[in-house]
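To start, the structure under review is shown below, and the notes come after it.
What follows is calculated from the coordinates using simple rules that are stated; it is not laboratory data. Keep in mind that what you see is a predicted model, and the values were worked out from it rather than measured.
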Amino acid sequence: MSISTKSTYGIRAMFELALNHGASPISVAYISKKENISVPYLEQLLNKLRRKGLVKSIRGPAGGYVLAKAPAKITMGEIVMALDGDITPVHCASSTKPIKACKMIDRCVTKTVWKKLKNALDNTLNSVSLKDLCDDAKRMKVDKTVRHKYEFNI
């Protein structure tokens, strides 16, 4: 079991939006360059996140994307759920996906372990907000490049 590229890239894009929360909209090109994610793939992710109500798109020359809510109100779990749906180690531990036919479902001893693992993963992802990631970035001194629309030529 692993978190998909879709979710990891989506979290990275949302992190960039959270770092710049309250400033002007962030362009797809900026996020693409900063996070090394291709523009077409990033556009797909941001469109899906927009449809799920996690980001807003702003049109126009100074347009881009902004968070739909404060960074403290958006968790990694919400982002993963928006992009990938329910993440589970095995189908029988899922709370949202229909259980696939399993002949052992009624007497499976390991099912309880898989459910505990799924619950631990859900609890962890749902306990970490974008604000938490931004706070961690500040402690780690992650580069927050100042964005502006000026071009200096000498």
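Kirkwood-based Rg over Rh for the range 16-70 (C-alpha set), two decimals?
Checking Rg against Rh, the ratio lands at 0.92.
Among the listed pairs Lys69/Lys131; Lys33/Lys56; Lys56/Lys138, which have their C-alpha atoms separated by more than 23 angstrom in this model? Intermediate values should be presented prior to the final figure.
Values: Lys69/Lys131 11 Å; Lys33/Lys56 20 Å; Lys56/Lys138 25 Å.
Pairs exceeding 23 Å: Lys56/Lys138.
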